[in-house]
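Visitor: Below is the structure I would like to discuss, written out as C-alpha cells.
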Amino acid sequence: MRIVLKREYNDYIKVFDRPIKWCWVALLLILLFFIPFFGGTYFLSLMTMAGFYTIIGLSLILLTGLAGQISLGHAAFYAVGAYSSCIFVSKLGLPFLLAMILSGGVACMVGLVVGIPSLRLKDLYLAIATMAMAFIIEDVITKWESLTGGTFGLSVPPASIGGFVFDTEPKYYYLVMVIVVITMMLAKNIQRSGYGRALAALRESEIASQAMGINVTYYKISIFGLSAFYAGIAGSLYAHYAGFITPENFTFLLSINFLILIIVGGLGSVVGAVLGGLYMSLIPEGVKIITQMLPGFLEGIIGLDLIFYALILLAFISYQPEGFHGLWLKMKFYWDHFPLYKKGTFRKERKFYRKKIK
Amino acid sequence: MVVQLLEQIGAGIGLGSVYALVALGFVLIYKATEVVNFATGALMMLGPFLFYSLVVFFHFPIWLGIAVSIVCMAMLGAGIDRFILRGLLGEPMLSIVLATLAVGIIIDCVAGIIWGFEPVAAPELIPNQAVRLVGITLSSAHTLTIVVLTLLIIMLFIFFRHTKIGIAMQATAQNQFSAYMMGINVGGVFSLSWAISAVICCIAGIVLIPISSLHVHMTHIGLMAFPAAILGGLSSIPGAVVGGLIIGLTENLASYYFPLIKDSLPFIVLILVLMIKPEGIFGIHERKKV
C-alpha cells in the first residue's frame, strides 16, 4: 500500500503527490513527440481532433468539475472563438498567434456576459439560460452575414507563425499538442492554487464559502470567462485546421457532445479531459468497426452511429458515472489493496432523491 | 391594425398552447421525480408518428389511432422511468440531463430510421377552415390546440385535487421520504408521472400536426418547452402554462413584427425574466440549509 504522508501545507499543493509521476509525464511527452513518425496521416488527424477536444474538456472541467456550474452552451464559445479568429486573420490581417489569443479573449468577453446570469441562477435554470444564450449567439452568427458569411460559411486561411505555415498534418499536430500541453499545465495549476480551491469550495456550498470570505461574484464570473477563453482557443485552432466553418458546425448537439466528453472522461481531474478527448475522437472509428460486424441490412443507415453513442453514454452514466478516470482510480485502488479489497467499496449509497427542504 | 394584432395574438396563443402542453409534461416529471427530462421533445415527436402509422398503414379510425398511440406512449414513458432513470436516483443533475438527452437521441434516431428524416403526409385531423370569434379569425388548428389545452388543464386539476392517486402524487412531490413512510408507492408514482407526461406530450404532438408538418425534426419544437417551463418556474404547473403561452406569443409576434430576431426573441425574453426573477414567474424561492 502506498500512502503519501502530508505533513505541511506545501504537501497539499504539490503538482504530483509522488515524484515518479514526473517520469510518466516525460515519457508521455516523448511518446507524443514520436507519434508522427510511425502513425499514418489519418491517425494523426484523429490525434489532432483529440487535441481540440481535450482543450474543450479542460474548459468544461474547470467550469463544471471544479466550480460546479453547468453550461449547455459551450458550442457557442467554441463558435465565437472560431469565427473571431478567422475574421482577425483574414479581414484584419493579424498574425495567427495573436489572433488565436485575441479570439480567446473575445470568447472570454462573451463568457463574462454569460456569467452574469450565473450569479443568481442555479443548476437547471443556469443550464437553460446558457442554452438560451447559445441559441442567441448561433442566431447572431447566422444573421450577421456581412461579417460571418451567414449560412454560406467562411473559408479560413491556414495558420502560420512568422512565415512558417502549418499546412501539413504533422506540422499542425505539433502546434496543437504544444497548445494542449500549455493549457493542461495552466489548468492543473489553477486546480491546485488558491483560486482553484476557492472554486471547489464554491461548488460544495455557495453559502458556506461565502461565509468563509470567498467573493462569490468574482469567482463565478471569472470562471465563466476563463472557461470561455479555453473554448475560444480550441475553436480558433479548429477553424484553422478545418479551413471552412459554417454555423452548422456549432449546433446544440455539439454542446451536448462536449458534456458527454467530460462525463465519459471523468469530471474530477485534468486527466479526465484527455481521456474524454481521446474517446470523442476515437469513438467514431470504434462505432464503424461495430457497424461492420452487424448484419448487412443495417449497413449505411443514417443515425445508427448516434444510437451507439447514446447507448455508450447511458452505460457510462448508469454503471461508471465517474468516467474513465474513475475507472482508472478504482483499478489503482484494487491493486494497491490487493488481497484486502472488499467487494462493496465503491457501491453507491442509496439516496432519497429530494434533498431540498422547503 | 388592431384586428391584425388580435389575430396574431390568437395564433400565438394557439402555438403557445402546444408549448404549454409540452412544458406541462416536463414540469410534471420534474415535480414528482426531480428528473430533468430532455427527452420531452422526442416523446412529443414519437406520439404523432405512432398515430400516423396506425391510421395510414393499419387503417385504424382516427379516434382509435389516437387512443392506441396514447396507451403506447404511456407504456413507453413508464418503461423509460423504470428501466433507465430509476437506477440514477440521486446522481448529480448533469448525469441525469445527459441520460435523458441520450434517451431522446435514441428515440429520434430510431424514429428517423423507421419513418425517414423527410416530412410525411399526416392524416387530416380536422378540416382546415377559419373559425370566427368576436370579430377575429383564427385557423381551426390553433383553435383546436387552445381547446385541448383548456380541457387537459381542467382534467389535471380534477385529477390532482380529487383523486387518491393525484393526492399521492402531490405528497410525493412535497416530500418523498414522508410519502414513502405513509405507505405511498413512490416508485409507482414516479412511473405514473412519466406515463402522464408522455401522454400529454403525445397529445401535444398530435394537435401540433395541423400547425407544423409531421417530421422527425419536430423534436426541435419540443426544445422550446424548456424555456417555457423555466420561464414559469420549474415546479409550478400554472407556471408551465403561462410560460408556454408567453413563449408562443413572443415567437408569433416577433415573426410578424420583427422577423430579423424571431428565432432568438423567446430566448431573450427568457433571459430577461430570469435576470429579474431567477426562480421564474411562479417559482418558489427555495432556501437551502447549510
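The values are calculated or read from the model by the stated rules, or taken from the named source; none is laboratory data. Model, not experiment: these values are computed from the prediction. Neighbour counts run over all protein chains shown; Cβ positions are idealised from the backbone, glycine included. In case anyone asks, the SASA skips ligands and DNA or RNA and just uses the protein heavy atoms, side chains included. Shrake-Rupley method; radii C 1.70, N 1.55, O 1.52, S 1.80 Å.
Visitor: Please find, within region A:279-290, the residue that is nearest to B:Pro92 (Cα to Cα) out of those that are among the β-branched types (Val, Ile, Thr) and open to solvent by less than 40 Å² (accessible area, probe 1.4 Å). So that I can check it myself, show each step before the final result.
Guide: Applying the first criterion (among the β-branched types (Val, Ile, Thr)) to region A:279-290 yields A:283, A:287, A:289-290.
Remaining after also requiring open to solvent by less than 40 Å² (accessible area, probe 1.4 Å): A:283, A:287.
Numbers: A:Ile283: 25, A:Val287: 28 Å.
By that ranking, first place goes to A:Ile283.
Visitor: Moving to a separate point now. From B:Ala99, B:Ala74, B:Ala122, grab the single residue that is aliphatic (A, V, I, L, M) and in contact with a strand residue (DSSP E or B) (Cβ under 7 Å, 6 or more places away or on another chain).
Guide: Criteria check complete, one pass: B:Ala122.
Visitor: In the list B:Gly90, B:Gly104, B:Gly116, which residue meets the criterion of being within 14 Å of another protein chain (Cβ to nearest Cβ), surrounded by 13 or more Cβ atoms within 10 Å (Cβ to Cβ) and at positive phi?
Guide: Answer to the check: B:Gly90.
Visitor: Further question on the same structure: If you go through region A:136-157 one residue at a time, do you hit one that is open to solvent by 20 Å² or more (accessible area, probe 1.4 Å) and touching a Cys at 6+ places or on another chain (Cβ under 6 Å)?
Guide: Yes.
Visitor: Also, I was wondering about something else. Output the helices (runs of 4 or more DSSP H) that fall wholly within region B:166-272 and possess 2 or more residues being within 17 Å of B:Thr150 (Cα to Cα) and at pLDDT 80 or above, or say none. Write out each step before concluding.
Guide: Values: elements: B:176-181, B:186-208, B:219-223, B:225-232, B:237-257.
Output list reads B:186-208, B:237-257.
Visitor: While we're here: Any residue at all in region A:264-278 that's within 14 Å of chain B (Cβ to nearest Cβ), under 23 Å from A:Gln191 (Cα atoms), open to solvent by 40 Å² or more (accessible area, probe 1.4 Å) and not in a helix (DSSP H, G or I)?
Guide: yes
Visitor: In region A:301-343, which residue that is outside any helix (DSSP H, G or I) and within 14 Å of another protein chain (Cβ to nearest Cβ) is least open to solvent (accessible area, probe 1.4 Å)?
Guide: If we take residues in region A:301-343 being outside any helix (DSSP H, G or I) and within 14 Å of another protein chain (Cβ to nearest Cβ), then A:Gly303 is least open to solvent (accessible area, probe 1.4 Å).
Visitor: Could you tell me whether region B:178-190 includes any residue that is under 22 Å from the mean Cα position of the chain (by Cα) and surrounded by 19 or more Cβ atoms within 10 Å (Cβ to Cβ)?
Guide: yes
Visitor: So which residues in region A:103-134 are buried (at least 21 other Cβ atoms within 10 Å of the Cβ) and more than 14 Å from every other protein chain (Cβ to nearest Cβ)?
Guide: A:Ser103, A:Gly104, A:Val106, A:Ala107, A:Cys108, A:Gly111
Visitor: Let me ask something else. Only residues that are more than 20 Å from B:Cys201 (Cβ to Cβ), surrounded by 13 or more Cβ atoms within 10 Å (Cβ to Cβ) and of a type outside the set (S, T, N, Q): list them for region B:127-161, please.
Guide: B:Val131, B:Ile136, B:Leu138
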